[in-house]
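In what follows, a structure is listed as structure tokens, so that the remarks can point back to it.
The values are calculated or read from the model by the stated rules, or taken from the named source; none is laboratory data. Everything quoted here is computed from the prediction, not taken from an experiment. With ideal geometry, Cβ positions are generated from the backbone for all residues, glycine too; neighbour counts draw on all protein chains shown.
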Amino acid sequence: MRAAWVTDIHLNFLNAAQVQDFCAALCVESLDIVLVGGDIAEADTVEWYLKTMAADIRRPIYFVLGNHDFYQGSIPTVRKVMDDLCRAENRLTYLSQCGCVKLTDTTGLVGHDGWGDGRLGDYANSTVRLNDHRLIRELSGLDRDELLARLNRLGGEAADHLRGVLLQALDAHERVILLTHVPPFVEACWHEGKTSDDNWAPFFTCKAVGDVLLEIMSKRQDRQLTVLCGHCHGAGRAWLLPNLEVLTGRAEYGAPEIQTVIEIG
């Protein structure tokens, strides 16, 4: 099996011909499935772009959402739209709302959106202000303490989901691929060739997820976990444990690309 991984594709920055060209590039490869790591578009268009991808690529697409996919909308509302979409379109699977997917006898797939959960770096003194905190309904109009509590809760939701599905996947498969949007570790949060500092880390890492991955994989040394993430638009690779590898995808607005094609045995 061959899987193409893309992330932070921001299709709303493209015109119709460019979207068609991007889908065509995925069709040119000899692929079985496509993995999409979030930041597909924005709340009012993400459903349309996913439908377009499913129709043009004509292969199973497994995806998670990124922070941009909730812009101008509400987190639970967008997730409900994704659930309804996947029920209607059998080529699409939203990993945040399902269990382990069997890819082969030896490899399983799990995933969740994740979220920059404010737990790493120096949240209290960070000067970073994201559009998330204006354009996503659940994050707007909050003071600093309220926002941190909300980010903590979103990261915790991701960690709780992944704890359950990852344990299930590791019981059934020698290797697991985990698709998420936000890097679970500072060591995997790359931008312009460097990892994140304390100013940016609160919003570009999900410590709650990272803690779960370290806890589980340190106990399952007979299993291999590969994490695919994005969000920070810089490429890199980090080994947190001998059996825990994290790949972070690069991105540029207006120029979506295939990060890599993964051979799944």
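General observations
- The residues on offer are A149, A88, A172, and the sole one that is out of contact with any helix residue (DSSP H, G or I) (no Cβ under 8 Å at 6 or more places or on another chain), small (G, A, S), in contact (Cβ under 8 Å) with a residue 12 or more places away in the chain and surrounded by fewer than 18 Cβ atoms within 10 Å (Cβ to Cβ) is A172.
- Qualifying residue in the range 68-76 (condition: crowded, with 17+ Cβ neighbours inside 10 Å, within 14 Å of A3 (Cα to Cα) and either in contact with a strand residue (DSSP E or B) (Cβ under 6 Å, 6 or more places away or on another chain) or in contact (Cβ under 8 Å) with a residue 12 or more places away in the chain (or both)): no
- From the list D105, D8, D83, D39, the lone residue that is surrounded by fewer than 15 Cβ atoms within 10 Å (Cβ to Cβ), at pLDDT 95 or above and not in a helix (DSSP H, G or I) is D105.
- The condition of being part of a strand (DSSP E or B), closer than 23 Å to D8 by Cβ, free of Cβ contacts under 8 Å to residues at least 60 places away in the same chain and out of contact with any helix residue (DSSP H, G or I) (no Cβ under 6 Å at 6 or more places or on another chain) holds for only one of E252, E187, E157, E245, that being E245.
- Considering residues of the range 133-157 that are aliphatic (A, V, I, L, M) and touching a Pro at 6+ places or on another chain (Cβ under 9 Å) only, the residue nearest to H68 (Cα to Cα): L151
- Hey, D69 among the acidic types (D, E), modelled with pLDDT of 95 or more, farther than 30 Å from D105 by Cα and assigned to a helix (DSSP H, G or I) or not: yes
- Condition met for L167 (aliphatic (A, V, I, L, M), touching a residue at least 12 places away in the same chain (Cβ under 8 Å) and crowded, with 23+ Cβ neighbours inside 10 Å): no
- Lone unmet requirement of (1) in a strand (DSSP E or B); (2) at pLDDT below 95 for V110: (2)
- Flag if R134 is among the charged types (D, E, K, R) and within 16 Å of V46 (Cβ to Cβ): no
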